[in-house]
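See structure below.
FYI, it's all coordinate maths here, none of it is from the lab. Keep in mind the model is a prediction, meaning the values are calculated, not measured. Positions of Cβ are backbone-derived with ideal geometry, glycine not excepted, and every protein chain shown enters the neighbour counts.
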Amino acid sequence: MAENKRKYWLHRITGGANAKKLSHPLLFKHRILTTGWARLSWDEFVTKSQGDWNTFIKEFKLEYPSLGNFRSLWNFLEMKKGDIVVVPTVGKFSLYRVADNNVYTNQSLSSIISEDDLLDKYGKKAYVDIDNDGYSYLFDEDGDFIDLGFFRRVEPIVKHLRRCSCKDGLRNMMSVPRTNINLDGVKNYVEPIINQYDIDFEEPEENEDDFYSPTSWERDPYETDEEYQDRMQDQEDFLEYFDE
């Protein structure tokens, strides 16, 4: 994709219930970007809804009539091959390039990752099961529901950079408390990072500190005191930026 046509996105890999323990290894180990909305996780929904706003809204409201945060899923479906995705984690961020135009659901997840590799951050297996209505859902080995429903293949550009290494405009956007937003307005802050690191990529050693994404004001049970304070400061800095 020509650089002037590609889009830039910020995407948090948090998902819904119990999702974080699986979404992080899927991205950092298997190069699979994820989001939630599991009740819509069927291939026909993707086929009907991609690029068709009216159909997307109609189908979305059938499953989530009381939720209005549909833009994040729409953006996830609209990503194209070559688009750049900024993934924030606590105090750090990573850059990925969308590998293709395919969006996978729980129905088709097995086509991009084997059952043996579908492990959460604790090394426990996850699996897809089909309910009585024909819907496919993810569960952990204890039988707990994992709210992930959509998946995309991505290629790493650089992983786990310190947030303090980027310009204020990009760093402030990383504190927006939303799952997915368009970053085209600050792409000039992203492109120098791409130019610096977009060479032969070498996987860095993973660190558990890289497995968390700021997304809400509530304390995550896996966060240390320092991680929670850092994340709250990020979001407070963002709000102060727009109050000035």
task: For A19, enumerate residues with amide H under 5 Å from its amide H, sequence gap 5+ or separate chain, H modeled in the peptide plane.
output: D147
- prompt: Rounded if a/c is under 1.5, else prolate if a/b is larger than b/c, else oblate: which is the stretch 52-96, with a ≥ b ≥ c the root eigenvalues of its Cα gyration tensor?
  reply: oblate
task: Could you point to the residue in P156, Y189, V176 farthest towards the positive end of the stretch 133-189's charge dipole, with +1 and -1 charges on the Cβ of Lys/Arg and Asp/Glu respectively?
output: Y189
query: What is the packing order of peptides 116-125, 186-195, 31-40, taking the mean over residues of other C-beta atoms within 10 Å and listing the highest first?
result: 31-40, 186-195, 116-125
message: Using 0.36 nm times the number of residues separating Y127 and R39, minus their current alpha carbon distance, what extension gain do you get?
response: 30.1 nm
statement: Checked the stretch 1-148 with the C-alpha gyration tensor, a ≥ b ≥ c its square-rooted eigenvalues, rounded below a/c of 1.5, otherwise prolate if a/b is larger than b/c and oblate if not; verdict oblate
- line: Burial-style ranking of 175-183, 90-98, average other-beta-carbon count within 10 Å with highest first, yields 90-98, 175-183
task: Multiply the residue separation of W74 and I57 by 0.36 nm, subtract the distance between their alpha-carbon atoms, and state the gained length in nm to one decimal.
output: 5.2 nm
message: Could you tell me the center-to-center distance, by alpha carbons, between the stretch 147-164 and the stretch 52-77 in angstrom?
response: 23
query: For the charge dipole of the stretch 1-125, defined by +1 on Lys and Arg C-beta atoms and -1 on Asp and Glu C-beta atoms about the Cα centroid, which residue among S111, L27, T47 has the Cα displaced farthest towards the positive pole?
result: L27
- request: Using label points projected 7 Å from each Cα along Cα→Cβ, tell me how many nm separate H30 and E141, to one decimal.
  value: 1.5
